[in-house]
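A quick write-up on the structure given underneath.
Just so you know, all these numbers are worked out from the coordinates, no wet-lab data involved. Just so it is clear, the model here is predicted, and its values are computed rather than measured. Here the Cβ positions follow ideal geometry from the backbone for every residue, glycine too, while neighbour counts run over all protein chains shown.
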Amino acid sequence: MLKLDEIQQRLLMEVADLHKVPEGAYNIRSNSQSAGRRSTENIEIIPREDGQGLTVKIKPGTQNESVHIPVVMTKSGLKELVYNDFYIGEGSKVVIVAGCGIDNCGTQDSEHDGIHRFYVGKGANVRYVEKHYGSGTGSGKRILNPGTEVYMEEDSTMEMEMVQIKGVDDTNRTTTAELAAGAKLVVRERLMTHGSQNAISTYVVNLNGEGATADVVSRSVARDDSYQKFDAKLLGNAPCSGHTECDSIIMDRGRILAVPGLEANDVDAALVHEAAIGKIAGDQIIKLMTLGLTEQEAEEQIINGFLK
Amino acid sequence: MLELQNISFGVNDEGGEKEIIRDVSLTIPDNKLVVITGPNGGGKSTLARLIAGIEKPCSGKILLDGEDITSLSVTDRARKGIGYAFQQPVRFKGIQVLDLIRLAIGSKVSVSSACEYLSAVGLCARDYIGREVNSSLSGGELKRIEIATVLAKASRLSVFDEPEAGIDLWSFQNLIEVFRGMREKISGSSILIISHQERILNIADEVMVLKNGVLTASGTRDEVLPGLMGTGDAIPECRMVGAGKEGEATC
């Protein structure tokens, strides 16, 4: 693909399921440079003048098109901060696939901090997929600190799938959203930490308009000596409904802090939170063992299913 | 063939050691459907768990086709051919019915092959194959899926711990048909059901009665059932007609 080596191609597979140049609009960023870009009739990708990020403009009414903007890093010691702004036109329906893969075989830390801002127009429908992946045997850390801001106009819909399953040493994710009347936000976060990794995920969702709804759900597994913090706050500032859920499996010496927060500033705001942390139920393991799996295989199946 | 030789099992209770199974010896022959019945707290479910390897006996031996499996783990016993259906099936977040059936079979069979096992337990396969085995399923649905996984595993000996528990009257009749069907295809294997239900006892080749951890009767259905139904010492649960819930027996 383009001018990418094997490791870069493998990272692209992991974060964006890309085997070849994607259909539709795309920008592939590799080691802080663009390795390929294409705009389409309806989706324009404009690089920022300082080279640190993109502006993506999606025309109103664009239907069933996609934008891929994956990032891969294979140089140790690279540290970058990029800003990507998305303007999603009224009534459009698009899929945006982001994601970052870092392979660090060196001794210096590699870090990618991406700030994504989404301006979702009236009645637009966005599905956003963001995957993080780290690999490499070097002692240098793989660090990702994504910041996401979502501004949703009336009756727009945004579905966000955030996945980080392997290899990222340190991540601090902050997501904020502002919802106008009738807007609908759905977040599905899946996270697994291992080794001595740290992962912090913070959400602040403001439900500002009548009939706005938010559903923020995190499923996570903390293994080995890793640490996770899930901090989700929903603010109901109008007649609206919101639900947040943190469901976690804890293993080994892992630690998890769940901080669900609700703030109702309107008498007709209906807000719910759920949080559960626990180890894998013994009966689940035994059931799979009665089907012939070893204890370890049973654990893997349970975790895979949980994070699917 | 499964043999239990002088099996005893106890637990440490607040009041000291409590014996749950006392020196039980029995044989589950090939090509037979055996039902173990008896009052609540008599040790039936414990016996099933001992056979599956979930509990280990304090003394005695368990032999499968002559091989001593007493010290084998749950996994090893499953691989040797013991299947076990939970009285209260386990729920899994994220794992689909299809995943569970594939794990039971041990290979990634096609969706249509997996569906056959659901149809066999009276579930509309198309509606269930993609469902998660989580709390969105009712007790009865979960129970049938549990039985489907044991069918899919195709064991030498399949053990069902109170399959009627948690199942409504309408599903229960269907369940009897499932076991009847299994009985017809039993060749080369055997089935052990722990049950209180008369209608399950009626399809048994052999019936054993476990009371206070001791085997008090054992023989063919015709030998054992009349004694259970007709005496003042009869076990109340065995008189239940229909599919009332455990503990709701009216005698």
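An oblate overall shape is assigned to the range B:167-223, the ratio a/c of its alpha-carbon gyration tensor axes (a ≥ b ≥ c) being 1.5 or greater and a/b not exceeding b/c. When the pairs B:Lys18/B:Lys211; A:Lys184/B:Lys93; B:Lys18/B:Lys56 are compared against a 22 Å limit on Cα-Cα distance, A:Lys184/B:Lys93 fall above it.
Note on A:228-237: average number of Cβ atoms from other chains within 10 Å of each residue's Cβ is 0.
When the helices in the protein assembly as shown are scored as -39500 (n - 2.57) per DSSP H run of 4 or longer and the sum is shared across all residues, what 222 nm value do you end up with, to the nearest 500 deg cm²/dmol?
The per-residue figure over the protein assembly as shown is -6000 deg cm²/dmol.
Pulled fully out, how much extra length does the chain show between B:Asn134 and B:Val111, if you take 0.36 nm times their separation in residues and subtract their Cα-Cα distance?
6.3 nm
Counting Cβ atoms of other protein chains within 10 Å of each residue's Cβ and taking the mean over peptide B:91-98 gives 5.
Between B:Gly140, B:Gly122, B:Gly188, find the one with the highest GNM mean-square fluctuation for chain B; connect C-alpha pairs within less than 10 Å. Between B:Gly140, B:Gly122, B:Gly188, it is B:Gly188 that shows the largest mean-square fluctuation. Only the Cβ atoms of Lys and Arg (+1) and of Asp and Glu (-1) were treated as charged; on that basis the dipole of the range B:54-200 about its Cα centre amounts to roughly 380 debye. DSSP finds beta bridges in the range A:6-306, and of those with both partners inside it, around 5 percent are antiparallel. Quick check: from the Cα gyration tensor, does the range A:6-306 come out rounded (a/c under 1.5), prolate or oblate? Oblate, because a/c is 1.5 or more while a/b does not exceed b/c.
Mind checking which of B:Arg144, B:Arg49, B:Arg180 has the largest fluctuation in a GNM of chain B, springs on alpha carbons under 10 Å? Of B:Arg144, B:Arg49, B:Arg180, the Gaussian network model singles out B:Arg180 as fluctuating most. Subtracting the Cα-Cα distance of A:Lys279 and A:Arg188 from 0.36 nm times their residue separation leaves 30.7 nm of extension gain. When only the Cβ of Lys, Arg, Asp and Glu is charged (+1, +1, -1, -1), the dipole of the range A:6-306 relative to its Cα centre reaches about 660 debye. Under the simplified labelling scheme, the B:Ala154-A:Asn172 pair shows an inter-label distance of 5.7 nm, with each label point 7 Å from Cα along Cα→Cβ. Using the Cβ-Cβ distance between A:Met251 and A:Val217 with R0 set to 22 Å, the FRET efficiency works out to roughly 0.60. Modelled spin-label separation between B:Asp65 and B:Met229, with each label point placed 7 Å from Cα along the Cα-to-Cβ direction: 3.7 nm.
A straight line joining the Cα centroids of the range A:1-79 and the range B:41-92 runs 55 Å. Fully extending the segment from A:Asp50 to A:Tyr83, taken as 0.36 nm per residue of separation minus the present Cα-Cα distance, adds 10.8 nm. For the peptide B:71-79, the mean number of other protein chain Cβ atoms found within 10 angstrom of a residue's Cβ is 5.
Put simply, the Cα atoms of the protein assembly as shown extend 93, 54, 49 Å along their principal axes, the longest span coming first.
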